[in-house]
Amino acid sequence: MKFIIENWYLFFIALASGSMLLLPVLKGAGGGSLTAANAVQLINREKAVVIDVCEPEEFAAGHVNGAKNVPLGQLEERLPGVVKNKALPLVLVCAKGARAQRAVAVAKKLGYENAQALAGGLAAWREANLPVEKA
């Protein structure tokens, strides 16, 4: 007990560093990141709409089957016209996943509470050997 009292700051540092290590894990769990397999389930079972937030050139080079292209810069203006039912789940996809994460924030701001980003983006989709179409 004497050691703990004399070295309270060491315990505080250990607690703080442990929480900093766990924060990304907890944030990722609630952040809406979605595996390719879970995305397929959402698409098949809940009629999720796939929105590709890549630029048109990237979209033409390859995209998830049935995805609609709404570039990230135009998402706020065009998403309400593309997906009218805000209750439907949205799967947001980009090349690697970073733009899709930003797109989730935009979609949620617009009222699409079921918006989720595909973790790893189109690269993860291809890695899972799921179908990709080209325009």
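The values are calculated or read from the model by the stated rules, or taken from the named source; none is laboratory data. Bear in mind that the values here come from a model prediction, so they are computed numbers and not experimental data. When we count neighbours, we look across all protein chains shown, and the Cβ atoms used for this are built from the backbone with ideal geometry, even at glycine.
Somewhere in segment 26-44, is a residue under 21 Å from E133 (Cβ atoms) and among the hydroxyl-bearing types (S, T, Y)?
Checking segment 26-44: at least one residue is under 21 Å from E133 (Cβ atoms) and among the hydroxyl-bearing types (S, T, Y).
Hey, could you check segment 4-42 for residues that are under 20 Å from E113 (Cβ atoms) and buried (at least 18 other Cβ atoms within 10 Å of the Cβ) and say which is modelled with the lowest pLDDT?
Only one residue tops the list, namely G32.
Take segment 47-93 and flag every residue that is of a type in the set (D, E) and either out of contact with any Pro (no Cβ under 6 Å at 6 or more places or on another chain) or not assigned by TED's automatic domain parsing to the domain that holds L118 (or both).
Residues of segment 47-93 that are of a type in the set (D, E), as a first pass: 52, 55, 57-58, 76-77.
Result: D52, E57, E58, E76, E77.
Quickly run through segment 52-97 and pick out the residues that are surrounded by 15 or more Cβ atoms within 10 Å (Cβ to Cβ), over 17 Å from the mean Cα position of the chain (by Cα) and within 19 Å of P131 (Cβ to Cβ).
E58, F59, G62
Give the residues of segment 63-115 that are closer than 16 Å to A39 by Cβ and touching a Lys or Arg at 6+ places or on another chain (Cβ under 7 Å), sorted by residue number.
Of everything in segment 63-115, those that are closer than 16 Å to A39 by Cβ and touching a Lys or Arg at 6+ places or on another chain (Cβ under 7 Å) turn out to be L88, Y112, A115.
Name the single residue, out of those in segment 58-94 being in a helix (DSSP H, G or I), touching a residue at least 24 places away in the same chain (Cβ under 8 Å) and small (G, A, S), that is nearest to A107 (Cα to Cα).
Among those that are in a helix (DSSP H, G or I), touching a residue at least 24 places away in the same chain (Cβ under 8 Å) and small (G, A, S), it is A60.
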